[in-house]
Every structure is written in structure tokens, then in C-alpha cells.
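Coordinate-derived values only; no laboratory data. What you are looking at is a predicted structure, and each value in this text was computed from that prediction instead of being measured. Here Cβ is always computed from backbone atoms with ideal geometry, including for glycine, and neighbour counts include all displayed protein chains.
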Amino acid sequence: MNRAQRIYALHGLLSTHAQGLPRRRIQDELECSQSTVKRIIAEMRDLLGAPIVFERDGGGYRYDPAAGAFELPGFWFNESELHAVLAAIQFLESTQPGLLQQPLRNLLQRLRLAVKDMGVDMDDLNRRVLLHPLRPRPVRPSVFEAIAAGLLGSRKIRLHYHGPDKQVPGPRTIHPFRLLRYRDAWYLLAHCDRADDRRTFALDRIVEAQALPEQAIRPDNAALDALLRDSFGIFLRNPSHVAVLRFTGQAARWVESEIWHPDQTGTWRDNAYELRVPYGDHREMVMEILKYGPDVDVLEPEELRLAVRERILAAAKKYF
């Protein structure tokens, strides 16, 4: 029996034996050792909420009659576990062959076996639950290898970067700090020698990259952790403003359940939802606001309201 089969078997035994079952009987029925019985019972209690009690005078293990009828859930993954398992399996299946090809295959096999051990058919799960990437932006393999080598070896990186506001790529020498996966795209947080400041580079905009032998400067990890937590979106800036946004219609219900920032606050005022979000750079905030069209109104600050207004007027000129 696998783990799921033993849980179902024990549930069946406990459901039909109100007087309790001795551990030896459970071992025989589940075809396992004493330690496995203890582990299965602990998992049923802790993970599935099974009201299993042990009564020496009552004959052994049984379901607590005071807890009422208990049934096993039909699906044992929580939301984060389901996403983690499916994302890992789908990512590993799409990985290009390399030096870690065999270890990654072994990891993929172990993940599949773990899902099967939960009593779930992996192929059926893949058909029924989909992870749809949001416009992924591929990175040149040679670029990713150079970035990873420089990052993990704490070495400087020379790159040619084609920023979205530039006509041609330009050379940069950077000190890599953190590699970020954000909205299905890779970004590198680094110190740029040319700007003499921290910058965020989109890896798909890097044309060439080379890890250099020189050691990179070390980041202040505590400050980086705080920056990554407090920033809004990919434009990493310490929050210096608070956007006050008023949502109406269907957008209000959607936004009420969304987390834009860990320090956001939201309040219902009549039939509108008012969201307050800290931010440091208005560019991504403007893009988020424009998604909601006439169902959002920027109340504060005035400079953010004006930035949204300018973008709306510029777009309207193309259609009127």
C-alpha cells in the first residue's frame, strides 16, 4: 500500500469500529510497521483534522464520538502546495538539457511519486489544473549562464543592455545583488558602475553578458530585504507616496480581494472601495490603474492623478 491507500484503509477501519482498534490489528490491516502506523495517525490528525483518540480501556484507536461524523477530504493539497507542485513539475518538464539534466530528472520523478502517493493521478491533475504564464519573456541561455555565474560567484558582470527607452544596446559593468522572477520575467537587481547607483535590469533586454574575474561589491542584505518588501512592483524604490484609489462597479469587488502591497489598507465607502497603497515609483502604479479604465479614480496624490490623465489623453488622441 502507498501512503494514500493506508490513510483510506485506516479511515475505513476506524469508521466501522466504534469500540476501538489495537495497534497490532492496524499494523496487520495496513501491512506496515509500528512507526508507520504512528506516522499515518499523526498525519491524519495534523493535516486532515481526523479526531483520532487512543483509549487503552476502550480497545485502542478510534474516532472520538464527541466530534461527530468524520469524512476524508477529496483533495489534500492546499492552495500554495498545489501551485508549488504544479509549477515545479511543469518547469522541470520544460527545462533544456544541461549539466543538471539527470539530477533534475530524478527530482521530477520524486515529485511525481509524491503526488501519486497522495492518491492523485498526475496526468489527470495536469489536465484539470492549468498554470497559464502571463506573457513570458525568454532570456538568451548564454546571458542567463553569465548572470548566474557572476551572481553566485560574487563577481562583476559586463553586459550590453538594450533598455526599452534606448535605440541601441549600451555597455554596462555591474555588481549583481539579487535575481528576481516577477510576472513570468527575470530581473537582476545590481549596482551599476556607470550610474553609480542601484538599477534593475530585465534579463530579456540583455544582448550579451560576461562574468568578470573581479569581485563584486557586497550588498547590504538587510536593506535589500526591506526594499524588496516595501517596494511596489519591479521599480524598486522606498515608498515615499501613498496612492488613494477609488474603485467602483465590478472592479471594486475584484480589488477588494487583491494584495497590491503588504502595507495596503482598504475601506468600503458607500458602493465604492477605497484602496490606499504605498509606492515609490509611479510608473508601474500608472500601468495598474489604467487596467481598470473608468472603474477607478485616483484621489491622491495629485501628481499620480496627472500622470494617469496624461496617459489617457495620449491614448485618446489615437482614436478621436
>> Normalised by the empirical 2.2 N^0.38 Å for globular proteins, what value does the Cα Rg of the range 3-67 take?
In response: 0.99
> What ranking of Ile41, Ile147, Ile217 emerges when the number of other C-beta atoms within 10 Å of each C-beta is taken as an exposure proxy, fewest first?
Replying inline: Ile217, Ile41, Ile147
> What would the Debye formula give as log10 I(q)/I(0) at q = 0.12, 0.14, 0.15, 0.16 Å⁻¹ for the alpha-carbon point model of the chain, no solvent?
Replying inline: -1.03, -1.15, -1.21, -1.28
> Based on Cβ point charges of +1 for Lys and Arg and -1 for Asp and Glu, what charge dipole magnitude is obtained for the chain about its Cα centre, in debye rounded to the nearest 20?
Replying inline: 900
> Lys/Arg Cβ at +1, Asp/Glu Cβ at -1, dipole of the range 3-67 taken about the Cα centre: which of Ser15, Phe54, Ser33 is farthest positive-ward?
Replying inline: Ser33
>> Helix-only mean residue ellipticity at 222 nm, the chain, DSSP H runs n ≥ 4 weighted -39,500 (n - 2.57), per residue, nearest 500. What is it?
In response: -12500 deg cm²/dmol
> Roughly speaking, what is the centre-to-centre gap between the range 3-66 and the range 208-256 when only Cα atoms are used, to the nearest Å?
Replying inline: 49
> What FRET efficiency would be calculated for the residue pair Ser35, Met122, taking the C-beta separation as r and a Förster radius of 25 Å, to the nearest 0.05?
Replying inline: 0.35
> Which of Pro213, Ser154, Ser240 sits farthest toward the positive end of the charge dipole of the chain, with +1 on the Cβ of Lys and Arg and -1 on the Cβ of Asp and Glu?
Replying inline: Pro213
>> I want to make sure I understand the PRE zone here: with the label point 7 angstrom from the Cα of Arg305 toward its beta carbon, which residues in the range 254-269 have backbone N atoms less than 20 Å away?
In response: 265-269
> What length, rounded to one decimal in nm, is gained on full extension from Gln5 through to Arg110, with 0.36 nm per residue of separation minus their alpha-carbon distance?
Replying inline: 36.0 nm
> How far is it, in nm, from the label point at Ile312 to the one at Trp254 when both lie 7 Å from their Cα along the line to the Cβ?
Replying inline: 1.7
> Amide H to amide H, which residues 5 or more places from Leu180 or on other chains are under 5 Å from it, using H placed in the peptide plane?
Replying inline: Tyr187, Leu188, Leu189
>> Suppose each label sits 7 Å from its Cα in the direction of the beta carbon; what would the Asp220-Thr173 distance come out to in nanometres?
In response: 2.4
> Check Leu299: other-chain or 5+ apart residues with amide H under 5 Å from its amide H, H built from backbone geometry?
Replying inline: Val244, Leu245, Arg246
> Restricting attention to the range 230-320, which GluC sites (Glu not before Pro) occupy a DSSP loop and are surrounded by at most 13 other Cβ atoms within 10 Å?
Replying inline: Glu258
>> Run the numbers for Leu134 and Lys166: contour at 0.36 nm per residue of separation, minus the present Cα-Cα distance, in nm.
In response: 9.1 nm
> Based on the alpha-carbon gyration tensor of the range 241-317, what equivalent-ellipsoid semi-axes (square roots of 5 times the eigenvalues) come out, in whole Å, largest first?
Replying inline: 19, 15, 10
>> Can you list residues from other chains, or at least 5 along the same chain, whose modelled amide H is less than 5 Å from the amide H of Leu212?
In response: Lys156, Ile157, Arg158
> Counting other Cβ atoms within 10 Å, which GluC sites (Glu not before Pro) in the range 1-57 have at most 13 and lie in a DSSP loop?
Replying inline: Glu31
> Which value in nm describes the separation of the simple spin-label points at Leu228 and Arg56, placed 7 Å from the Cα toward the beta carbon?
Replying inline: 5.2
